[in-house]
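Written out below as structure tokens is the structure these notes cover.
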Amino acid sequence: MLVGGSPARVAFPRVNCNYFSRRRVHSASTLPDVVHISKANIYRFGDPDGSRAVLRDVNWTMREGENWAVVGSGAGEKTVLLETLLGNMRVSPPPSGGIYPFLSSSPSPRPLNEAIALVSFAHRPRASGGAFYDYTARYGAVREEDRVTLRESMFPEESGLVRDALKSFVVNDKTQVSYAQEREARMERKVHFEEWVRKLGLDSLLDLPLVALSNGQTRRARIVKALLDKPEILLLDEPLTGLDVHTRPTLLSLLHTLHEARSPRIIMSLRMQDPIPEWVSHVALVSNGRVHAGEKDVILKSLAHHEAKTKEASHLPRTESSQPHGQGEILVEMRDVNVKYHERHVLKNINWTIRARDRWHLQGANGSGKTTILSVLTGDHPQSYTQRAPSSLTLFGKPRRAHATATLRTRIGVVSPELYNAWPRARSMSVWEAVATGFDGGFVPLGENALGLGLSGTLSAEERAWRERRVWEVLEALGPQRWGDEVADTAAEFAQRIFSTLPAGAQSVVLLMRALVGRPPIVLLDEVWAGMDEGMISASRAYLRGGGVGEGQAVVVISHWEDEVPWGKSEGVKRYKLEAGMGQEA
Ligand SMILES: Nc1ncnc2c1ncn2[C@@H]1O[C@H](COP(=O)(O)OP(=O)(O)OP(=O)(O)O)[C@@H](O)[C@H]1O
């Protein structure tokens with residue numbers, strides 16, 4: 001589970017380099033602790049139930065020179081610990097020297113919000129309130145407000161606006177000195193910037209608009225941006241999520257190098273299923289409201305029992321209904337499909353046929369075109385309409401332009417980071433309503449009991465009864481009582497919860513329910529497990545394998561981890577691999 005296992009899970013080598021070599025490196029024993037929390041409970045600020053601790057009896061000391069990872073199965077609990085380190089939670093009793101003893105002994109202490117930075121790789125909702133953020137805008141012409149390039153976003157002070165503001169400066173000796181210092185600091189930033197973007201494979205993307213970057217590219221860019229601000233501690237929440245196999249060791253090696261030079265110190269959180277890099281010496285394991293902190297080997301030993309349980313859950317017996325056999329009808333046929341943005345040729349002559357009953361694992365490095373190919377398949381991409389002979393795109397037996405997008409949404413169930421982030425988080429939308437939008441593929445509850453209106457605008461009594469039954473089925477099969485919690489909502493209680501108030505993992509499960517509820521002919525599962533904890537993942541895997549997708553449905557799973565695909569090769573999973581815009585069955 002934690003180290004080794006699949007071929008992708010490797011131990012990462014130790015590397016030594018001297019970033020920011022001007023910093024003095026003291027002997028660890030003479031330095032104050034980096035983090036110190038002693039016998040404290042952690043509470044949310046403003047929680048109406050102020051007596052309820054989110055984490056209890058936390059005892060955690062991180063000494064200078066130690067390399068820590070925060071590990072846990074629930075995205076929520078790990079994030080609580082990182083939020084505590086950011087100063088966003090109440091620590092009771094507060095540590096006498098502050099959470100960061102090393103900061104208070106610094107000759108020029110910086111405010112906490114400058115000294116500590118967090119980059120979260122977990123999902124990031126972009127929709128505000130009830131509005132739906134249109135993620136498909138990225139595929140069309142880039143809007144004026146989205147034109148900021150990756151380079152400009154890194155150095156906003158060099159944009160025209162800031163330069164003009166500088167003209168009004170009254171120049172005196174003091175400002176000349178600070179201007180020289182500023183220039184030196186800026187040059188130093190540039191040197192590091194160039195090195196980091198090269199190492200993380202971002203150098204060829206610097207002049208692209210930010211919105212054009214893929215998920216993995218965006219995540220790497222956010223780390224570079226955070227490093228440029230030179231925090232004392234950089235907290236990384238799930239940095240391996242969504243990163244391709246080749247980038248993971250490079251990123252981890254860079255983080256190790258920076259941490260060794262304390263510039264900045266790195267504390268990262270990892271999911272249970274992520275490999276723990278070899279150079280991590282200590283682990284804070286967050287589980288069931290407790291933090292078990294100590295040397296890596298000791299903590300990992302205590303996890304052995306837990307690991308056995310996880311393996312058991314993820315190696316569920318095959319069921320007849322999960323094994324596709326025979327060739328189904330053709331649902332999607334791509335012949336020499338191309339997607340281009342000016343001179344950037346993102347998909348090149350793609351040939352791919354998806355049939356009913358198929359189970360596909362779509363693979364490819366960050367930026368290889370996976371999201372783009374899916375947006376062509378769902379008809380969201382404007383270039384899905386413009387394939388001209390010899391190129392063609394046929395969906396459900398007809399050319400793309402013969403389908404209304406609304407019809408395609410009823411026939412393709414989607415889970416993706418884009419959808420998660422764009423999902424409208426209206427205060428009033430219940431879990432039931434969110435799930436039921438899946439029948440018509442919309443984003444707003446419609447019709448009696450929110451069961452939708454169907455394509456004709458009304459539902460027959462029979463259709464309504466089937467829809468109602470299906471909502472209950474997915475709520476029962478994927479709901480909290482299947483997640484292994486001792487005290488969990490029943491399906492009926494969960495149905496009434498307000499979607500926007502659920503923790504991230506539970507929201508992901510609800511969006512999975514939404515994708516499956518209408519039993520669409522095609523199901524697309526892009527980073528489906530993101531944010532879910534182990535109980536949720538095993539419930540979802542069990543459901544998918546045990547009839548949650550029927551024989552006639554086709555499924556495409558997009559993941560950088562082979563073992564995240566719910567089916568194995570022996571169960572007929574095929575691989576379609578994208579490489580530099582070209583695709584082939586692997
Ligand atoms: N509007 C655009 N203009 C130029 N290039 C674009 C545009 N939109 C996307 N791209 C480029 O298309 C490529 C494919 O992006 P896509 O999001 O499909 O990758 P991906 O395989 O899904 O990556 P990830 O694993 O990181 O999610 C990327 O290199 C991206 O920079």
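The values are calculated or read from the model by the stated rules, or taken from the named source; none is laboratory data. Here the structure is a predicted model, which means the values were calculated and not measured. When we count neighbours, we look across all protein chains shown, and the Cβ atoms used for this are built from the backbone with ideal geometry, even at glycine. Ligands, DNA and RNA are excluded from the accessible area calculation, which covers all protein heavy atoms including side chains. Shrake-Rupley method; radii C 1.70, N 1.55, O 1.52, S 1.80 Å.
Find the percent of Cα-Cα distances in the range 316-585 that exceed 30 Å, and round it to a whole number.
28
Taking amide H positions as placed 1.01 Å from N in the peptide plane, with prolines and chain starts having none, which residues 5 or more places from V71, or on another chain, fall under 5 Å of its amide H?
Close amide H contacts, sequence-distant or interchain: L270, A284, L285, V286.
Using the reciprocal of the averaged 1/r over all distinct C-alpha pairs, how large is the Kirkwood radius of the range 506-560 in Å?
11.4
Taking the Cα-to-Cβ direction at K340 and at L228 and moving 7 Å from each Cα, how far apart do the two end points lie in nm?
3.2
With a 1.4 Å probe and all protein chains left in place, how much of the accessible area of the range 316-585 comes from carbon and sulfur atoms, in whole percent?
Its accessible area is 49 percent carbon and sulfur atoms.
Once phi is turned into ³J(HN,Hα) by the Karplus curve 6.51 cos²θ - 1.76 cosθ + 1.60 with θ = phi - 60°, what whole-Hz value does each residue of the range 264-273 show in order, with x for glycine and proline?
x, 6, 10, 10, 10, 9, 10, 6, 3, 7
For the range 316-585, give the magnitude of the charge dipole about the Cα centre (Cβ charges: +1 Lys/Arg, -1 Asp/Glu; no others), in debye to the nearest 20.
Magnitude of the dipole: close to 1000 debye.
Could you state the per residue volume, in Å³, of the convex hull enclosing the Cα atoms of the range 213-307?
Hull volume normalised by residue count: 116 Å³.
Starting with the highest mean, order 62-71, 433-442, 496-505 by the number of other Cβ atoms within 10 Å, averaged over the residues of each peptide.
433-442, 62-71, 496-505
Using every pair of alpha-carbon atoms in the range 338-470, split the distances into 5 Å bins beginning at 0 and state the percent of pairs per bin, rounded to integers.
In order of increasing distance, the bins hold 2, 8, 16, 18, 17, 16, 11, 7, 4, 1, 0 percent.
For the range 210-249, what does the accessible surface come to per residue with a 1.4 Å probe? Please give it in Å².
25
What is the dipole size for the range 452-534, taken about its Cα centre, with +1 at each Lys and Arg Cβ and -1 at each Asp and Glu Cβ, in debye to the nearest 20?
Its charge dipole is roughly 420 debye.
Taking a 23 Å limit on the Cα-Cα distance, which of the listed pairs K199/K230; K301/K569; K348/K577; K199/K225; K39/K230; K190/K230 fall beyond it?
As for pairs spanning more than 23 Å Cα to Cα, those are K301/K569; K39/K230.
Under a 1.4 angstrom probe, counting protein chains only, how are K370, K340 ranked by accessible area, largest first?
Sorted descending by solvent-accessible area, the residues read K340, K370.
Using a 1.4 angstrom probe, figure out how much accessible area the range 457-586 has per residue, in square angstrom, rounded to the nearest whole.
Per residue, the range 457-586 has an accessible area of 39 Å².
Using θ = phi - 60° and the Karplus curve 6.51 cos²θ - 1.76 cosθ + 1.60, what whole-Hz ³J(HN,Hα) does each residue of the range 82-95 get, with Gly and Pro shown as x?
5, 5, 4, 5, 7, x, 9, 10, 8, 9, 10, x, x, x
Please report, in debye to the nearest 20, how large the charge dipole of the range 504-586 is about its Cα centre when each Lys and Arg carries +1 at its beta carbon and each Asp and Glu carries -1 there.
300
For H345, what residues show an amide H to amide H distance below 5 Å, using hydrogens built from the backbone and excluding near sequence neighbours?
none
Return the equivalent ellipsoid semi-axes of the range 393-530 as a descending list in whole Å, where each equals the square root of 5 times an eigenvalue of the C-alpha gyration tensor.
Equivalent-ellipsoid dimensions as semi-axes: 25, 18, 13 Å.
Which order do the peptides 468-481, 194-207 take when ranked by the mean count of other beta-carbon atoms within 10 Å per residue, highest first?
468-481, 194-207
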